[in-house]
Amino acid sequence: MKLPALSRDGREWAVVAALASGVFLLLTLISARNGSVSGEFLVGVALTMALFALLALGLSLQFGLAGLINFGHIGFAAIGAYGVGLAHLNGWPWFAGVALGLLGAVALAIVVGIPTLRLREDYLAIATIGVAEIVRTIALSEVWLTRGPFGIYSFPLPGRDFATSGPWAALAASLGVVPYSPFFVAVLALVLFGVLYWTFSRLARSPWGRVLRAIREDEDVAGAVGKNPFRFKLQALALGAVPAALYGMLYAWAFAQIIPALFVPLVTFYAWTIVVVGGVTTLRGALAGSIAFWGLTAFARVLRLETIPVVGGPLESVVGFLTRPGPGQELLIGVLLVLVMLHRPQGIVGRREELRFGR
Amino acid sequence: MASIADVIQYGVNGVALGSVIALAAIGLTLIYGILNLANFAHGDLLAVGAYGAFFFSVSVPPVEAAFWALGLAVVLAAVGVAGLLAPPTRGRSAGSWRAGLLEPSEARAAVVGAAALAAAVLGLSLPARGLALPALAGALALGAAALVVARRRTARGRGSDVAWALGGGGTALAAWALASPFFLAAALGAAAAVVVAVLFEAVVWRPLRARRATILTLLIVSIGVAFIVRNAIAIRFGSDFLNYARPLELPWRVGPAIFTVDQATTLVVAAAAIAGVHAFLAFTRTGKALRALADNPDLARLSGMDVNRLVVALWILAAGLAGLAGALLPLNNFAVSPGVGFTLLLTLFAAVILGGIGSAYGAMAGGLVIGVVMELVAGLASPDYKFAASFAVLILVLLVRPQGILGGRAT
Amino acid sequence: MAAEAILEAKGLRKAFGGAVAVADMDVAVAPGEIVGLIGPNGAGKTTLFNLVAGALEPDGGRVTLAGEDVTGLPAHALAKRGLARTFQLSRALNRMSVLDNVALAAPDQPGERLAVAITPFWRKREEAVEDRAREVLDFVGLSAKLDDYAGSLSGGQKKLLEIARALMLEPKVLLLDEPMAGVNPTLAKGIMERIRAIRDERGAAILIVEHDIESIMANSDRVIVMAEGTTLAAGDPETVRNDPRVIEAYLGGREP
């Protein structure tokens, strides 16, 4: 069967769509076969995919468009989450928490950016981890402010009334899932991802985006034609902090907990793995990478490898080890990062010629 | 309110901690300066050193460890002797590994190392005990004499074999005096770190250098390597903190401050290592070549230096120091877990940037300063902010003087 | 020497470590004139150029643009004030299209502001920008390459791209850094023709640094000869050509 000639963009979307439908189709098929997949499981997978797509989207904007290497991304998520948490602790309405989280993350980005954006890229990488760790240390130590390691729990989540009655509940029931979080949050996350992705894409194609691409190519040339590189890079950094803050908030709502351990550098590097595997040259990479990575993990759970004769048992232990949270999964992250950068640096949907051109 | 005595105590602790940081930072700054690689896996080399030392001291009975060390000594001696006896060849192909093609100074270094290890093993069966202090004094004297002789003979354009002999003798004496399962384990832990580093150099870093990889590629790959090393350790040894049995010894009182034996050991080992690094960089051919490479990589390549060999030497130096620093961690109240490398990584970067990227002496100074700052903050403010203090120093340096104290590159 | 200078530099000084590259130089360029800057290798031409273009900060001296003191301002601030420069080793934005390379340089683009970029309100101006970009590319002869990656252009074409980009800025002052270096003679003539056209049609003040002395002598209104960081001789091409100091500076006897 010959596919019609699609534009490059179209082809990349086709890949993403194929990936997504492939994953979910296979999961449901396997479920039919050995009953290992429930509606709740699928919702969980979709939720994780959506959350990390959001987190990775910010990185993709910062690096893909502006060439900024941000290794402290999870710090913005922490601010988002604790904004919501603080609102709960102090009895403020939930939208105040959201505003606090979003504005706080943007403010942090500006504060971090001002001293570091004039320096070279690897300095930015080091400085951003430093800032993120300082944020986490404060969250951990200032118990009076953030409940420290004990965390913030059982806060009323917005939308509960809407979600537990009426049409939404009916929809959930028909799918065989619990109507409220995580299903609610998963859908919300997907919607927010869509909105932000659409916004960021428009921005990337606007004159603003053109200036950023120029800065990424050659900062001196951009300066020579009257663009102030610092200002644009700062805007990109601040903008990329927004989906990260949303990740933090949505995670908090989905799992009803906010603890400092959720915001360790490891999570930033999960997001980077997703961006790199998906493709650094395009915003779509965030989505593709998240689907691929978490889809892989889901498969491992679901395949019931131990039923395969002879090799099933050991295979299941190895694969299970590599895909469950813990040293195995982290080892997998490390290997993925090295292998992808060595052998397929453009990732799944990236374009090789946009990685490096005559440099 | 903290008293002056408390502050001095924090200072003392800080110097001890700082010397461990300094040791590890030297390697990091040299790699950064010469290979343009911000090595996010450097901290994990410390973890390898710590776990390697632990493995040898606990899992391997002393007799077996002595066997390992003796074996290593024999191998080193063979390599060294072969290097000394082999005829000098011109125009070697780049990257050749064969033992017969060592530089004479490298061969001598190998023989000295072998003698030191052998003396250490001897010391395990025939401990110096009462003679330890005189032996150490003798070692220092021989070492100083070696430096003086080397200087004078180099100035006259003559070879420095006498200096090598003196230096070798001093090293062996010191090894005999200090021989204890701890030092042996520390040396073997450092060796483990070297093996890991050279492995990744061959499999990952050299191919990337050949492809002229971008900064982002190097950064991401080093993160990947860090994850691999850290979790390999966790898989083998478990993710919990290591349990050490440290012998209980009476600390010394120096004025208002208390000095534990562990801290003294840390300082002595660090000082000896730093002196060794200085001698290496200043007096050996490889060391001088490394400095030339650091100053001007393009010129060095053009002048026909075998860069790949030099890079291997660089990794041996950097990883050896890092592994040694890792072995010293338990002596400074550091809870060692597989993640200890990452915990320390930013602190190491802070020391490197403070001292100026590429400057070994800057890294030493930076490490000491950061160590003191960390202990002061931990004591005067709150222990929770110990590491955050080093990150704050890092950011402050980037704000105020990105090229560091001793210069480097800012933008 | 009729009109008043729009770009003036007085007493410029720059040293690198111990070596003095530029020692007390004065330069002035008036609207509608082409000033050529020549001199033997190591005379300090590139340093002087970068000082005037805002790429380097002078150790001493002043640079004035249209009466305003702009000493030490960064490159983008100068560009906003109507000063355009090209680079000696042409720096195209390789992974962007030729059209984008030029459209980028258009001044006054509201779409470059984040708040406006999210809305659709920048499209009209963008159309005008693209039209102008097409005009400029036509002027330099690169129309056929509009949609190609700039990285695929040849060396000579990249030089033309540099000029096109500088023109988009609608500059009052144009600084050209060796615009004909490494370019075949036919193309070089074409470039020089276009530079003259820019002077005639737009009345821009143009400063050219060049090694091709013949070309400079034939096309400049005034020539400045630099040696060892200062002005050796200055004036109209004929006078300078016959100045014995200039003849000597170019390795004793080789007639400029």
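What follows draws every value from the coordinates through simple rules; no lab data is involved. Since the model is a prediction, treat every value here as computed from it, not as a measurement. Quick reminder, even Gly has a Cβ in these numbers, built from the backbone with ideal geometry, and neighbours come from all protein chains shown.
How crowded by other chains is C:77-83, given as the mean number of beta carbons from other chains within 10 Å of each beta carbon?
The per-residue average across the peptide is 3.
Converting phi to 3J(HN,Hα) with the Karplus coefficients 6.51, -1.76 and 1.60 and the offset θ = phi - 60°, segment C:64-71 yields 10, 10, 6, x, 9, 6, 10, 4 Hz in sequence order, with x at every glycine or proline. Among A:Trp208, A:Trp94, the ranking by other beta carbons within 10 Å of each residue's beta carbon, starting with the fewest, stands as A:Trp94, A:Trp208.
Of the GluC sites (Glu not before Pro) found in segment A:110-149, none is in coil by DSSP with at most 10 other Cβ atoms within 10 Å of its Cβ. Put simply, when C:110-122, C:53-65, A:261-273 are sorted by average Cβ atoms within 10 angstrom per residue, most first, you get A:261-273, C:53-65, C:110-122. Each residue of segment A:112-124 is assigned a 3J(HN,Hα), and the resulting list reads 5, x, 3, x, 9, 6, 7, 8, 6, 4, 6, 5, 4 Hz, derived from the Karplus form 6.51 cos²θ - 1.76 cosθ + 1.60 (θ = phi - 60°), x at Gly and Pro. For a 28 Å ceiling on Cα separation, which of these pairs sit above it: C:Lys124/C:Lys189; C:Lys80/C:Lys189; A:Lys233/C:Lys124; C:Lys14/C:Lys172; A:Lys233/C:Lys10? Over 28 Å apart, Cα to Cα: C:Lys124/C:Lys189; C:Lys80/C:Lys189; A:Lys233/C:Lys10. Projected label points at B:Gln403 and B:Phe241, each 7 Å from Cα along the beta carbon direction, are separated by 4.3 nanometres.
Taking the number of other C-beta atoms within 10 Å as the exposure measure, put B:Ser337, B:Ser222, A:Ser165 in order starting with the fewest.
A:Ser165, B:Ser337, B:Ser222
So what's the protein assembly as shown giving for Cα Rg divided by 2.2 N^0.38 Å, two decimals? With N residues counted in the protein assembly as shown, Rg over 2.2 N^0.38 Å equals 1.07. Checking every one of the trypsin sites (Lys or Arg not before Pro) in segment A:271-313 against DSSP loop status and a limit of 15 other Cβ atoms within 10 Å picks out A:Arg304.
A Förster radius of 56 Å, combined with the Cβ-Cβ distance separating A:Leu26 from C:Thr239, puts the computed FRET efficiency at roughly 0.10. Think of each Lys and Arg Cβ as +1 and each Asp and Glu Cβ as -1; about the Cα centre, that makes the dipole of segment A:13-358 roughly 540 debye. Among the GluC sites (Glu not before Pro) in segment C:1-37, those located in a DSSP loop and surrounded by at most 13 other Cβ atoms within 10 Å of their own Cβ are C:Glu4. Across the options A:Ala105, C:Ala103, A:Val310, the greatest Cα extent toward the positive end of the charge dipole of the protein assembly as shown (unit charges at beta carbon of Lys, Arg, Asp, Glu) belongs to A:Val310. Annotation: amide H-H contacts under 5 Å for A:Arg324 (H modelled 1.01 Å from N, sequence separation of 5 or more, or interchain): A:Gln329.
For the protein assembly as shown, a simple Cβ point-charge model (Lys and Arg +1, Asp and Glu -1, everything else neutral) yields a dipole of about 1660 debye relative to the Cα centre. Across peptide B:209-217, the mean count of Cβ atoms from other chains lying within 10 Å of each residue's own Cβ comes to 4.
Among A:Val277, A:Val23, A:Val221, the largest mean-square fluctuation in a Gaussian network model of chain A, built with springs joining Cα atoms closer than 10 Å, belongs to A:Val221. Once backbone amide H atoms are built at 1.01 Å from N, C:Gly60 has C:Arg13 as its partners under 5 Å, excluding neighbours fewer than 5 places away on the same chain. When +1 charges are put on Lys and Arg Cβ atoms and -1 charges on Asp and Glu Cβ atoms, the dipole computed for segment C:116-218 relative to its Cα centre reaches about 240 debye. Compute the acute angle (0 to 90°) between the alpha-carbon long axis of helix C:155-168 and the principal axis of greatest extent of the alpha-carbon atoms of chain C; round to the nearest 10°. The answer is roughly 80 degrees. Of C:Leu146, C:Leu37, C:Leu12, the residue with the greatest mean-square motion in the GNM of chain C, using alpha carbon springs below 10 Å, is C:Leu146.
Quantify how strongly other chains surround peptide A:318-327 by giving the mean number of their Cβ atoms within 10 Å of each of its Cβ atoms.
Values: counts 0, 0, 0, 1, 0, 0, 0, 0, 4, 11.
Per residue, the average neighbour count from other chains is 2.
Dividing the summed helix terms, -39500 (n - 2.57) for each DSSP H run of n ≥ 4, by the number of residues in chain A produces a 222 nm estimate of -24000 deg cm²/dmol to the nearest 500. The helix-only estimate of mean residue ellipticity at 222 nm for chain C, built from DSSP H runs of length n ≥ 4 each weighted as -39500 (n - 2.57), is -10500 deg cm²/dmol after division by the residue total.
With both bridge residues required to lie in the protein assembly as shown, what share of the DSSP beta bridges run antiparallel, to the nearest 5%?
Taking every DSSP beta bridge within the protein assembly as shown, about 60 percent pair in antiparallel fashion.
The phi torsions of segment A:125-130, fed into the Karplus equation with coefficients 6.51, -1.76 and 1.60 and a -60° offset, translate into couplings of 4, 5, 5, 5, 4, x Hz, rounded to whole numbers, with Gly and Pro shown as x.
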